[in-house]
Amino acid sequence: MRDSRETHIPRAFVVGYPIKHSRSPIIHGYWLNQLGLEGSYEKHAVAPDDFTAFVAKLRSGDTGYVGGNVTIPHKEAAARLADHVDPLAEELGAANTLWLADREVHATNTDGVGFISNLDAERPGWDATEVAVVLGAGGASRAILQSLRDRGFREIHVLNRTVGRARELVERFGKPLHAHPIDALPELLPNAGLFVNTTSLGMDGNEAPVLPFELMRQGSVVTDIVYVPLQTPFLDQAKRAGLDTVDGLGMLLHQALPGFEKWFGVRPQVTEALRQRVLADIEALP
Ligand code: ATR
């Protein structure tokens, strides 16, 4: 049997640890199938101690891989180990998308573009506001803060239980950012047109506090990067306050798009049918 290197069928991967619950193979598999392309996308559990060797093997060309996605806990190492890191991933210090060219590993981070593209698709005009409030200062928050700054937001307020982490992000991303404790929320919400939850509050049935969304102006947008459950406690609360809400599943779908285009050469689309496909999987195995 000929292997994929001889037949030049492009193969891509997602690596993480653990990786079992990654939905990325469903997304890329759906696009390959829809577009009638030959190619594969497979998941690999790679332990932290083995990731350097994985990147070296990828660079050698011996794996037959054209590239792939990197997820927790390897995003920082991916940005460190790649031969070419684009300015977005460089500033974040984390990469989620790798591709191979002339035996060199290239890296970018598509989380921010996924976040912005989802809002552009679901709520055109969402960025008419100049003031955003972002809850959380962990790994997931960074790409969102960077993308809001790059979109031109004038004021980005980062609230975190551990205020020191929010302050570090203010130093990293500069001028439009401001750090606050979570109890500053009532002062900040009346002037903000966008609220983003980047914390794990409300995820998988975890408790979430009741936030004073009624203080936001009508027409403001509330979004949550948590997508299990799809209707998170914060989205429920915001809806009850009459605000516009956007769930987090679209960010997952949109962040996958640039990688697919690099590896397989065709730009796919985020459609309702893809969303339903991934939703069915989440419902089967939350
Ligand atoms: P991720 O990479 O998914 O963002 P993380 O780096 O562990 O994960 O960050 C999780 C975020 O959720 C942080 O902002 C965290 O606040 P701290 O920095 O204070 O830990 C926030 N978070 C998690 N559980 C929380 C809770 N019970 N109350 C408030 N914030 C919480």
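The values are calculated or read from the model by the stated rules, or taken from the named source; none is laboratory data. What you see is a predicted model; the values in this text were computed from it and never measured. Because the Cβ atoms are built from the backbone with ideal geometry, glycine has one as well, and the counts that use them run over all protein chains shown.
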Q. If you check every pair at least six apart or on different chains, which have Cβ atoms under 8 Å apart with a residue in the stretch 256-274 that is without any contact (Cβ under 8 Å) to a residue 12 or more places away in the chain first and a residue that is assigned to a helix (DSSP H, G or I) second?
A. Arg267/Leu257; Arg267/Phe260; Arg267/Glu261
Q: Please identify the pairs in which a residue from the stretch 41-70 that is assigned by TED's automatic domain parsing to the domain that holds Thr97 has its Cβ atom under 7 Å from the Cβ atom of a residue that is exposed (fewer than 15 other Cβ atoms within 10 Å of the Cβ) and in a helix (DSSP H, G or I), counting only partners at least 6 apart or on another chain.
A: Thr63/Lys57; Gly64/Arg5
Q: For residues that are within 12 Å of the ligand (Cβ to nearest atom) and either in a loop (DSSP other than H, G, I, E, B) or among the aromatic types (Phe, Trp, Tyr) (or both), tally how many sit in the stretch 196-231.
A: 12
**Q.** Verdict on Asp236 being more than 15 Å from the ligand (Cβ to nearest atom), closer than 25 Å to Pro286 by Cβ and either part of a loop (DSSP other than H, G, I, E, B) or not aromatic (Phe, Trp, Tyr) (or both)
**A.** yes
Q. Considering the stretch 231-265 alone, what residues qualify as being closer than 30 Å to Leu98 by Cβ and either at pLDDT below 95 or basic (Lys, Arg) (or both)?
A. Lys262
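Given the residues Asn96, Asn109, which is the only one that is within 17 Å of Trp263 (Cα to Cα), within 15 Å of the ligand (Cβ to nearest atom) and free of Cβ contacts under 8 Å to residues at least 40 places away in the same chain?
Just one listed residue meets the conditions, Asn109.
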Q | Which numbered condition Thr52 fails, given (1) out of contact with any Gly (no Cβ under 8 Å at 6 or more places or on another chain); (2) surrounded by 15 or more Cβ atoms within 10 Å (Cβ to Cβ) | A | (2)
Q | From Leu100, Leu58, Leu88, residue being part of a strand (DSSP E or B) and crowded, with 16+ Cβ neighbours inside 10 Å | A | Leu100
Q.
Looking at the structure I just gave you, is Leu253 among the aliphatic types (A, V, I, L, M) and free of Cβ contacts under 8 Å to residues at least 40 places away in the same chain?
A. no
**Q.** the stretch 101-148, residues that are within 16 Å of the chain's Cα centre (by Cα) and among the basic types (Lys, Arg)
**A.** Arg142
**Q.** Long-range neighbours under 6 Å by Cβ, at least six apart or interchain, first residue touching a residue at least 12 places away in the same chain (Cβ under 8 Å) and in the same structural domain as Asn197 (by TED's automatic domain parsing) within the stretch 118-138, second more than 16 Å from the ligand (Cβ to nearest atom) and among the basic types (Lys, Arg)
**A.** Asp127/Arg151; Glu130/Arg154
Q: May I ask you to list pairs of residues, at least six apart or on different chains, whose Cβ atoms are under 7 Å apart, with the first in the stretch 154-178 being not assigned by TED's automatic domain parsing to the domain that holds Val133 and acidic (Asp, Glu) and the second being near the ligand (Cβ under 10 Å from one of its atoms) and not in a helix (DSSP H, G or I)?
A: none
Q: Please enumerate the residues belonging to the stretch 113-160 that are surrounded by fewer than 17 Cβ atoms within 10 Å (Cβ to Cβ), away from the ligand (no atom under 15 Å from the Cβ) and among the small types (Gly, Ala, Ser).
A: Ala121, Gly125, Ala128, Gly152
Q) Could you say which residue among Ile9, Ile26 is under 22 Å from the mean Cα position of the chain (by Cα), among the hydrophobic types (A, V, I, L, M, F, W, C) and not assigned by TED's automatic domain parsing to the domain that holds Tyr227? A) Ile26
Q) If we scan the stretch 7-16, do we find a residue that is under 23 Å from Val278 (Cβ atoms), modelled with pLDDT of 95 or more and in contact with a Pro (Cβ under 6 Å, 6 or more places away or on another chain)? A) no
